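Have a look at the structure below before the remarks.
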Amino acid sequence: MQSKRMYTGHLAMLGANLLWGVMSPMSKAVLQSGLVGPLSLTTLRMVGAAAAFWILSLFTRREHVTPHDLALLFFASLFGVTLNQGFFITGVSLTSPIDASVVTTTTPIITMILAALYLKEPITSKKVMGIFMGAVGALILILSADAAHTGENAGGMTGNILCLMAELCFATYCVVFKDLIGRYSPVTLMKWMFTYAAICCIPFSYNGLASINFTTLPTAVYADLAFIVFGATFLSYLLVPIGQHRLRPTLVTMYCYLQPIVASMLAVLWGMDRFTPTKGAAILLVFVGVYLVNRSKSRAQMEAEALEAARRTAPDAPAAPDVPESSGRS
């Protein structure tokens, strides 16, 4: 049963990151059209996803959210959605796509450190090796991309710092709000989080949204917007809490390494790039890295092993509980 829960978590994070990987070229196409600005696009994502989650909640079991948890959900939304998206979009506008992609590889490292400080999670050799291998694989894919040779990689320091702040916010969300995420269904969590995010974004983007002539937008832009809002935002954020509830924070953020794989594969399929042995080796490194982090021991497992060792040396001591791989606050 526990293995099934973990497989569900892995599939959820795989699906979410595949959608985010596809979103990257579509977002770039929308922004390059000049018809929709970065902040307006972010707000459309927040408002569209909030509306979709509230509609979906009408067909699911109603959950009572305590006033205390509603306040916590505001801060979870602030870190996991509003600041994460706001910092990243602004950062990308000030730096290069390559630099921004490289910065995202720091997310599992930041998460591992926060989990060690906040959740008292152990930093094991397997975890460090897995993160290192995954980061190397992702960096190989990013730096071997065509854009790395177009002169677009001279990003600004301010943009890079903002992208780093975005990753810090998302890592904080994954670690600090793990218990809150486990208390409610994904629909309940996200309808409140995106409502808060929309409320925060609208005042800053109202003028930009008002200037968009929606009646003259090309069909291609509408199609891209539909995927960005309902696929890469609504559906992906429906999947993320499922993964967070079943997997450790560091493992959840390890899946961000799949996004350059998706971007690379799309470039190959669309004839913009070609598949090489280097890309194959990089993809293998990412998956081996995820496997190693998944196999690393959690705090609960190490505590159970210590209890079992104590029981062997003292037969009258209570037996260690049976701890599954993803249990506890790991």
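The values are calculated or read from the model by the stated rules, or taken from the named source; none is laboratory data. As the structure is a computational prediction, the values presented were derived from the model and not from experiment. Every residue, glycine among them, receives a Cβ derived from its backbone with ideal geometry; neighbour counts consider all protein chains shown. Note: areas computed on protein heavy atoms with side chains; ligands, DNA, RNA excluded. Shrake-Rupley method; radii C 1.70, N 1.55, O 1.52, S 1.80 Å.
Structure values in brief
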item: Residue in region 203-215 that is within 17 Å of residue 77 (Cα to Cα), of a type outside the set (Gly, Ala, Ser) and touching a helix residue (DSSP H, G or I) at 6+ places or on another chain (Cβ under 9 Å) present; result: yes
item: Residue 171 vs. criteria of a type in the set (Gly, Ala, Ser), open to solvent by less than 60 Å² (accessible area, probe 1.4 Å), closer than 28 Å to residue 61 by Cα and out of contact with any Cys (no Cβ under 9 Å at 6 or more places or on another chain); result: no
item: Complete set of residues in region 268-301 that are under 23 Å from residue 25 (Cα atoms), basic (Lys, Arg) and either open to solvent by less than 30 Å² (accessible area, probe 1.4 Å) or modelled with pLDDT of 70 or more (or both); result: 279
item: Count of residues meeting criterion [among the small types (Gly, Ala, Ser) and more than 17 Å from the chain's Cα centre (by Cα)] in region 67-83; result: 1
item: Only one of 309, 304, 317 that is small (Gly, Ala, Ser), out of contact with any Gly (no Cβ under 7 Å at 6 or more places or on another chain) and modelled with pLDDT under 60; result: 317
